[in-house]
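To start, the structure under review is shown below, and the notes come after it.
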Amino acid sequence: MTSLPPVSRRAFARFTLAASAAMLAGTGRARAAAPSGEPIKIGILHSLSGTLAISEATLKDVMLMLVDIQNRKGGLLGRPIEPVVVDPASNWPLFAEKARQLLSVDKVASVFGCWTSVSRKSVLPVFEELNGILFYPVQYEGQECSRNVFYTGAAPNQQAIPAVDYLMSEDGGGARRFALIGTDYVYPRTTNQILQAYLKSKGVADSDIMVNYTPFGQSDWQTIVSQVKAFGSAGKKTAVISTINGDANVPFYKELGAQGITATDIPVMAFSVGEEELAGMDTKPLVGQLAAWNYFESIDTPANKAFIADWHKFTRNPKRTTNDPMEAHYIGFNLWVQAVEKAGTTDHDKVIAAMVGLRQPNLTGGIAQVLPNHHITKPVYIGEIQDDGQFNVVWQTPHEVPGQAWSPYVPETAHLTGDWTAPINCGNYDTQKKACLGSRHA
Amino acid sequence: MRKAGLAFTLCLALVLGSPCAPAGAQEATPDPYAQLASPHFDAIIAGIEALGRSGDDKALATLQALGAHKLMAGSEGVYIHAGTGLVDARTGQQNADIDPASLHPVRVNNRVRLVLATARAELLLAQGSRAEKHDALSRMLTHPDASMLPALDHASADPANKSLRSEFEAARAAILLSPGAPPVALNEQLTAVSAIKKTGGLGARSLLTRAAALEALAPQTREAAKKAVASIDFRLRLWSYAQDLFYGVSLSSVLLLSAMGLAITFGVMGVINMAHGELMMVGAYTTFVVERLIASYIPALSPFSLILALPAAFVVSGGLGILIERGVIRFLYGRPLETLLASWGVSLILQQAVRSVFGPSNVAVTTPGWLGGAFALGGLEITTVRLAIFLFAIAVMAALMLVLRRTPLGLHMRAVTQNRRMAALMGIRTARIDALTFGLGSGIAGLAGVAVSQIDNVSPNLGQGYIIDSFLVVVFGGVGNLWGSLAAALALGLGGKGLEPLIGAVSGKILLLVLVILFIQRHPRGMFPMRGRGIES
């Protein structure tokens, strides 16, 4: 920049105008070797304002990067991909409204989006009514299996259950007493219901399980942390399983540090704390606290290195972190590209049919395969927080774990299965009654 | 099988460096320093335990380095990252020809950390200073391990350790009551129970609960342990009421601090200031910036950057407040709905501005060492940072009272709010007073932001979490009355923390809000309404 001759303000303005006009005129013309033809539109449904923007804005960026990379590679079916970005503003009804707009006005081939389970639940009827395709990239509570959704985040058996197994193992400290602490909404409540059933099946007594919910944005954790401390003084190794949502985590961890709870005494296993959340914390008092994910930025594979390099280049920021839902979008987008290429069309029914069975290498050296229940296979990693704000992987599953839509540990769903291939073609098939209970779980 | 696998992996780890021929010799007595370099936690733990038993001073240095994340593993052993270069942990010699890029930190997990702390305590008991020995003994008291008993007995026989006798006894008692301890006579067991009971607190409760369920102990001992737990529980329950009181007071002080600025802008001036939370957020970000600047330019002052952030936040938020008043609010006096919308707009602008400058993620504000941690006061556990916020809230309140009651500015402020026309006729420049009053309220919001940055996350959304509570405090206490705000903050804080242990955080909050609504219906002007002629209009 400095080597350029000085430009007058007016000339600069003219230049910017021309440049933006060129950009508006269409991405196709700007690049010589770019794909031609009518663009294939995809929808990006992530909040860019409001409380969830902190997590979701990144996912919008990673989608734009993936589309950009694909277009450089020649697009899809010889046509360019055009992202349609909408902002549901962290507002549940607006999610449904924007989803409807994407499907019926913009006629997108598929949608990548949603963050909280509430947002997914509110767009679900729209996708089923208009027969759209949604790729959902976040770990969630399971107990759902829609034909129109591909769940590229973790189901409970791909995050929560292995995490508990680790805590109960020798390396994890052999915990026998569990405090389940969460924010009061659908994901923690359902996850904790599954975990309680699972812990009981492992012989943990009711009196050794403590469950506590707090409102969104809880900032005063004094009472709860001291309760956990008292709960941990029963002579058995105690662990905390945290489903605390986003922002409330910082004051929670600060209070843990202030009350002197260290990871060696009472480890905290978190399901919603990733690299992005740690960016705002002084992690020195947190060293050794745990998180369970299917991806960590620190995992050293060539694919991950290349992805991080692309990300830094695309965002022009060498400090931007990567995280688990970003990898889920990476997998989901590439699977969709494969499915469209296999089907030779973007027709929703044909793409949905082509998806099952596809395999896509993930960023950590494994393979993500699409299962008949529209979930994918994922490896599970347990990471310990380091003082540099990254996670150090201390344990991992030997193979990828196939995602389970319905939990076998909840009596009502124990004999349900999802299978969107012939002949069953049903999201909640009752294996005992040999009957489909309808398209969706009520 | 496991041993063979271990030797094999060691061999793998070494394969790049030395040939694997002496593997057989290694299997017989594994070299603890080589074990530390293993990628397997089992080998690392075995290495640490061996070093702990060795009683060697190089072993202590190695373990200290591991605890400080300064131990690097290479293909031929482990190296300590000293200030000047790499030191071979086994020999203590400087090693210049090793390439730092070929090394990686020794792997650590929570299990390794536990074993490490135990081994370190064992070594310090033999070689440490008196303070280190004291720490080692309290570590043994909270994490007793039967394997430590010989080292403990050996050290306690040393006449130099006479001054630590009671600590030695307590640590020994804890070990005798833990699983795997050697069997001892009944009366020794009972003495151990009463020694542990004397130490009190959650740690003793944990030890005794475990002892009460331990088959290896005599039935009488287990009975005594059970009784001791019951008596500790009773004592803890009494203390827990006092603890809840402290939590309540602490929450009240946060509420008061965040509401005090609003008590000026909304309470005294009558401006429905929706940007109040964002002024706090700006204060918190000022703390962040000050901390960064000091860390990079005057690192010696780093521990006190929080104190330096106080005037900075007051000036930045206060100045911003004056700007908002001069730029927006002053055109809207007497039009509360427009003020509400305009100040809400300002709050969105501030949020987005901060998001654009600092990014949407949280920023890390560190808590200085002197504010971290907690101390015990009887059975009470007082977290230092909460205590500091409590004292700070009192100080700010006192200072504010002083300004309002004892300075010409305060006199003019009260005159203008009570009767604007009369004050103007007396020659007070009301417009200037308006700006200063708004600036004062905003500056106090900035101070609250500094305090809040120590307990909450500093993100563009910070203000959103406090605005509702702040309005609640001011309205509930009675608009225009600082003492009312104090009473309301106390009522809400104590009420909230009193209900939380009984019915949970969510239901507690709901019940509290219902009670406030009922109260406001009965007394629409809050607990301590202002009276006076000027107020009615």
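The set of residues in the range B:65-77 that are touching a Ser or Thr at 6+ places or on another chain (Cβ under 7 Å) and either at pLDDT 85 or above or within 14 Å of another protein chain (Cβ to nearest Cβ) (or both) contains only B:L71. Within the range B:215-232, the set of residues being in contact (Cβ under 8 Å) with a residue 24 or more places away in the chain and either exposed (fewer than 15 other Cβ atoms within 10 Å of the Cβ) or over 35 Å from the mean Cα position of the chain (by Cα) (or both) comprises B:A216, B:L217, B:A218, B:Q220, B:T221, B:A224, B:S231. If only residues of the range A:36-68 that are in a helix (DSSP H, G or I) and closer than 14 Å to A:W336 by Cβ are counted, the one that is farthest from the chain's Cα centre (by Cα) is A:V67.
Pairing each residue of the range B:123-138 that is buried (at least 23 other Cβ atoms within 10 Å of the Cβ) with any residue that is not in a helix (DSSP H, G or I), provided the two are 6+ apart or on different chains, yields C-beta distances under 9 Å for B:L123/B:G55; B:L123/B:D56; B:A136/B:G128.
Total residues in the range A:333-347 satisfying the condition of being at pLDDT below 95 and surrounded by 20 or more Cβ atoms within 10 Å (Cβ to Cβ): the figure is 1.
Every condition in (1) within 14 Å of chain B (Cβ to nearest Cβ); (2) closer than 24 Å to A:D247 by Cα; (3) at pLDDT 90 or above is met by A:E327 except one, and the failing one is (1).
Conditions (1) in the same structural domain as B:I294 (by TED's automatic domain parsing); (2) touching a Pro at 6+ places or on another chain (Cβ under 6 Å); (3) aromatic (F, W, Y); (4) in a helix (DSSP H, G or I), marked per residue:
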residue	(1), (2), (3), (4)
B:S305	yes, no, no, yes
B:L308	yes, no, no, yes
B:P311	yes, no, no, yes
B:F314	yes, no, yes, yes
B:G334	yes, no, no, no
B:T339	yes, no, no, yes
B:G345	yes, no, no, yes
B:L348	yes, no, no, yes
B:Q351	yes, yes, no, yes
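Among residues belonging to the range A:264-279 that are among the small types (G, A, S) and more than 7 Å from chain B (Cβ to nearest Cβ), point out the one that is farthest from B:G359 (Cα to Cα). Looking at residues that are among the small types (G, A, S) and more than 7 Å from chain B (Cβ to nearest Cβ), I get A:A270.
Have a look at B:R210, B:R237, B:R205 and point out the one that is within 14 Å of chain A (Cβ to nearest Cβ), outside any loop (DSSP other than H, G, I, E, B), crowded, with 20+ Cβ neighbours inside 10 Å and not polar (S, T, N, Q). Being within 14 Å of chain A (Cβ to nearest Cβ), outside any loop (DSSP other than H, G, I, E, B), crowded, with 20+ Cβ neighbours inside 10 Å and not polar (S, T, N, Q) holds for just one of B:R210, B:R237, B:R205, which is B:R205.
Of the residues in the range B:228-247, at least one is of a type outside the set (V, I, T), touching a Pro at 6+ places or on another chain (Cβ under 7 Å) and within 28 Å of B:S485 (Cα to Cα). Taking (1) over 21 Å from B:R355 (Cβ atoms); (2) away from chain A (no Cβ under 14 Å) in turn, B:V450 satisfies each apart from (1). Taking the range A:353-374 as the range and being touching a helix residue (DSSP H, G or I) at 6+ places or on another chain (Cβ under 8 Å), buried (at least 19 other Cβ atoms within 10 Å of the Cβ) and closer than 25 Å to A:T417 by Cα as the test, the residues that pass are A:A354, A:M355, A:Q360, A:A368, A:V370, A:H374. Consider the range A:120-137. How many of its residues are at pLDDT below 95 and under 18 Å from A:S272 (Cβ atoms)? Selection size over the range A:120-137: 2.
Conditions (1) outside any helix (DSSP H, G or I); (2) facing chain B (nearest Cβ under 7 Å); (3) surrounded by fewer than 24 Cβ atoms within 10 Å (Cβ to Cβ), marked per residue:
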site: A:T190; (1), (2), (3): no, no, yes
site: A:A197; (1), (2), (3): no, no, yes
site: A:G203; (1), (2), (3): yes, no, yes
site: A:G217; (1), (2), (3): yes, yes, yes
site: A:S226; (1), (2), (3): no, yes, yes
site: A:K229; (1), (2), (3): no, yes, yes
site: A:V240; (1), (2), (3): yes, no, no
site: A:G260; (1), (2), (3): yes, yes, yes
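One residue alone among B:R111, B:R107, B:R120 is touching a helix residue (DSSP H, G or I) at 6+ places or on another chain (Cβ under 7 Å) and not in a helix (DSSP H, G or I), and that residue is B:R107. Only residues that are at pLDDT below 80, under 12 Å from B:A73 (Cα atoms) and surrounded by 11 or more Cβ atoms within 10 Å (Cβ to Cβ) were counted in the range B:89-101, giving 2.
The values are calculated or read from the model by the stated rules, or taken from the named source; none is laboratory data. Because the structure is a prediction, the values reported are computed rather than measured. Virtual Cβ from ideal backbone geometry, glycine too; neighbours counted across all protein chains shown.
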